[in-house]
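Worksheet: the structure to be examined is printed underneath.
Please treat every number below as a calculation from the coordinates, not as lab data. Everything numeric in this text was worked out from a predicted model, so none of it was measured. A quick note on method: Cβ atoms are made from the backbone with ideal geometry, for glycine too, and the neighbour counts reach across all protein chains shown.
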Amino acid sequence: MKFILYIYVILFLFGCSVSQSDESNIFRYNESNGITSLDPAFARDLEIMWATNQLFDGLVEMNEKLEVVPCIAKSWNISEDGKTYTFIIRDRVYFHSSPLFVDSTKREVTAHDFEYSFSRIINPTLASPGSWIFSKVDTSFNKGFEAPNDSTFIIHLKNPFQPFLGMLSMQYCNVVPKEVVEHYGADFRSHPIGTGPFRFAFWYENIALVFHKNKNFWQKDESGNALPYLDAIKIDFVKDMSVEYQGLLMNKYDFMSGIHNSYKDELLSTQGELNEAYKSKFDFYKMPFIKTDYIGFMIDPKSEVASSSPFLNSKVRKAIECAIDKKEMVRYLRNNTVVAAEQGFIPPGLLIEDSLLSEFNIQKSIALLSEAGYPNGKGLPEFTISTTGDYADLIEYIQHSLNKIGLKVKVQVMQGGTFREATSKGQLAVFRKSWLADYADPENFFSLFLTENFCPNGPNYCHYSNTEFDILYNKAITTSSEEERNALYKEMNRMISEETPMIPLYYDQVSHFVSKSIENWNINPINLIDLKKVRKKR
């Protein structure tokens with residue numbers, strides 16, 4: 001009874017909070033995974049990124065074409081040696097109102113705020129998961145960040161690093177006000193003050209989160225009208241995804257991302273298109289996602305789980321890849337909502353290959369096993385592929401495929417937290433994992449194969465090590481020639497495909513189901529939600 005009363009109080013307060021506006025102009029969605037923080041310094045998960053993107057801004061941002069465009073920085077210059085980035089901060093960008101400011105409604109953003117925000121990220125005391133972004137900053141220059149005046153912000157790098165500008169578009173790099181952060185400390189997570197199109201209203205954790213329109217937002221639309229158009233955003237935290245699905249059908253929610261296996265056949269055809277019965281209820285938006293799902297092998301002979309593993313032989317790994325019909329797998333198990341990975345590890349949205357780098361070929365698979373000393377799979381011991389519950393169907397499909405060429409495979413389904421910890425510590429011999437780019441550059445994917453990035457200190461979960469690859473990587477990130485860099489990236493992609501420390505299964509797809517009442521919906525390959533130009537029909 002107390003819990004029910006609590007819910008009624010929340011709904012009453014929400015109703016009061018929007019009483020000055022049209023309640024039909026509120027954008028509603030559900031976040032089944034929950035949100036742990038509204039501090040951009042901890043925006044490591046997509047659900048946090050979606051929320052913080054409505055509250056905060058950075059120096060630059062990515063457009064739908066994955067191009068870096070101005071945000072609070074109206075312009076920038078990169079020195080000829082590629083090591084000094086100078087940004088010019090635009091005037092009249094204000095933080096959301098706060099009683100902690102001298103003028104509660106007119107606290108203007110300056111270059112000094114970015115100097116503080118970035119220095120905060122690299123402070124070990126904060127332990128931000130985004131601190132790695134600034135690992136290449138030359139700390140001999142006043143921690144690498146300089147604000148000689150209110151409108152000029154300078155970053156010094158140790159060496160040129162071509163992807164750096166794109167990295168600054170990440171949510172970690174949003175600007176925050178020193179007065180508020182230092183007043184609340186760790187509680188800034190639930191008392192956020194930014195410059196974005198929406199401002200924080202209230203948050204009842206695990207129940208609901210509400211943002212209100214920022215009436216002082218600095219951006220205008222193409223006609224000079226104030227943004228945003230929406231009055232508020234309401235996010236629910238219902239863990240049951242079937243409730244979220246029903247909420248979309250009943251117009252309780254305006255948006256749903258992704259599709260669960262339990263209702264994919266009801267919503268989508270086998271070709272991945274919206275079924276006719278639902279075309280009058282909502283729109284279906286899709287586009288390639290810069291995310292790759294893969295099977296990884298621990299191939300470090302010094303590792304306890306791989307010291308005598310047959311997977312130390314690249315021919316065995318390649319034989320397994322050739323035995324998997326990726327096109328059939330995504331057709332039957334994912335309704336073609338994803339794309340079979342046949343062009344290496346890097347999604348086509350970031351790197352276009354001229355030819356296929358892998359394909360289903362049983363005869364080649366059998367021949368490679370024989371060359372490796374395992375004719376028809378004889379002598380190759382039974383092995384386990386580890387995964388989580390959401391992907392068990394994929395691994396069972398692979399298990400069945402490998403049985404056909406004489407390989408014995410077990411499927412181990414693990415709890416998410418246990419699985420992530422085990423992979424991060426290099427404790428699994430064979431595992432299913434995915435990589436979602438932190439920023440739109442192939443370099444982010446190739447970092448998984450650098451020798452210096454061995455887990456647990458980096459994302460190289462396979463412990464792949466190749467001196468030639470490391471040399472190519474360092475050439476690619478320092479060259480100023482885009483043509484040379486792309487050529488190096490392709491060479492690296494083909495090297496990884498040939499040596500097969502992992503098997504790319506599919507390139508993911510951004511899938512959005514959006515209410516018919518929503519206008520100006522935009523979709524992008526990094527799956528970042530931006531609501532500042534969204535309209536809701538009344």
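Maximal additional length on extending the I88-S517 stretch stands at 150.6 nm, based on 0.36 nm per residue less the C-alpha distance.
Here the peptides 390-403, 266-279 are ranked by packing, the mean other Cβ count within 10 Å, and the order with the highest first is 390-403, 266-279.
Would you please classify the overall shape of the chain from the alpha carbon gyration tensor, given that a ≥ b ≥ c denote the square roots of the eigenvalues, rounded means a/c under 1.5, and beyond that prolate means a/b larger than b/c while oblate covers the rest? The shape class here is oblate. Hydrophobic, long helices, defined as DSSP H runs whose alpha-carbon span along the helix axis is 20 Å or greater and whose mean Kyte-Doolittle value is at least 1.0, occur in the chain at 2-17.
Per DSSP helix of 4 or more residues, -39500 (n - 2.57); summed, then divided by the residues of the chain. What does that give at 222 nm, rounded to the nearest 500?
-8000 deg cm²/dmol, from helical runs alone.
Under 5 Å between amide hydrogens, built in the peptide plane, is the criterion, and for K516 it picks out D283 among residues at least 5 positions away or on other chains.
By definition, a body whose alpha carbon gyration tensor gives a ≥ b ≥ c is oblate when a/c is 1.5 or more and a/b is not larger than b/c, and the stretch 449-515 fits this oblate description. Please give the residues of the stretch 366-385, grouped as numeric ranges, whose backbone N is less than 20 Å from a label point set 7 Å along the Cα-to-Cβ vector of S307. Correct set: 381-384. Ranked by how many other Cβ atoms sit within 10 Å of their own Cβ, fewest first, the residues C455, C71 fall in the order C455, C71. Available extension along the chain between D187 and K537 is 122.3 nm, counting 0.36 nm per residue and deducting the alpha carbon span.
The dipole here belongs to the chain: it is taken about the Cα centre, uses +1 on the Cβ of Lys and Arg and -1 on the Cβ of Asp and Glu, and is about 940 debye.
Tally Lys/Arg at +1 and Asp/Glu at -1 over every other residue whose Cβ is under 14 Å from the Cβ of A422; what's the total?
+2
Assuming a ≥ b ≥ c are the square roots of the Cα gyration tensor eigenvalues, decide whether the stretch 289-510 counts as rounded (a/c under 1.5), prolate (otherwise, with a/b larger than b/c) or oblate. The shape class here is rounded.
The calculated FRET efficiency for the pair S24 and E64, based on their C-beta separation and a Förster distance of 25 Å, comes to about 0.35. Label positions at S314 and E108, each projected 7 Å from the Cα along the C-beta direction, are separated by 5.9 nm. Spin-label pair S135-D240: with each label point 7 Å from Cα along the Cα-Cβ axis, the two points sit 4.3 nm from one another.
What net charge is computed for the residues neighbouring W50, neighbours being all others with C-beta under 12 Å from the C-beta of W50, Lys and Arg scored +1, Asp and Glu -1? Combined, the nearby Lys, Arg, Asp and Glu give -4.
Among Y507, Y94, Y263, which comes first, then next, by fewest other beta-carbon atoms within 10 Å?
Fewest-to-most ranking of Y507, Y94, Y263: Y263, Y94, Y507.
Exposure proxy for I295, I518: other Cβ atoms within 10 Å of each Cβ, ordered fewest to most, give I518, I295. Here the stretch 371-453 is assigned +1 on the Cβ of each Lys and Arg and -1 on the Cβ of each Asp and Glu. Its dipole about the Cα centre then comes out at about 480 debye. Each other residue within a Cβ distance under 15 Å of S131 adds +1 if Lys or Arg and -1 if Asp or Glu, for a net charge of +2.
Among the GluC sites (Glu not before Pro) in the stretch 49-147, those located in a DSSP loop and surrounded by at most 15 other Cβ atoms within 10 Å of their own Cβ are E64, E67, E80. Between E179 and Q219, the FRET efficiency estimated from the beta carbon spacing at R0 = 22 angstrom works out to 0.40. For the stretch 235-350, the Cβ-based charge dipole about the Cα centre amounts to some 340 debye (Lys, Arg positive; Asp, Glu negative; other atoms uncharged).
In this simple spin-label approximation, K404 and Y285 carry label points 7 Å from Cα along the Cα→Cβ vector, and these lie 3.8 nm apart.
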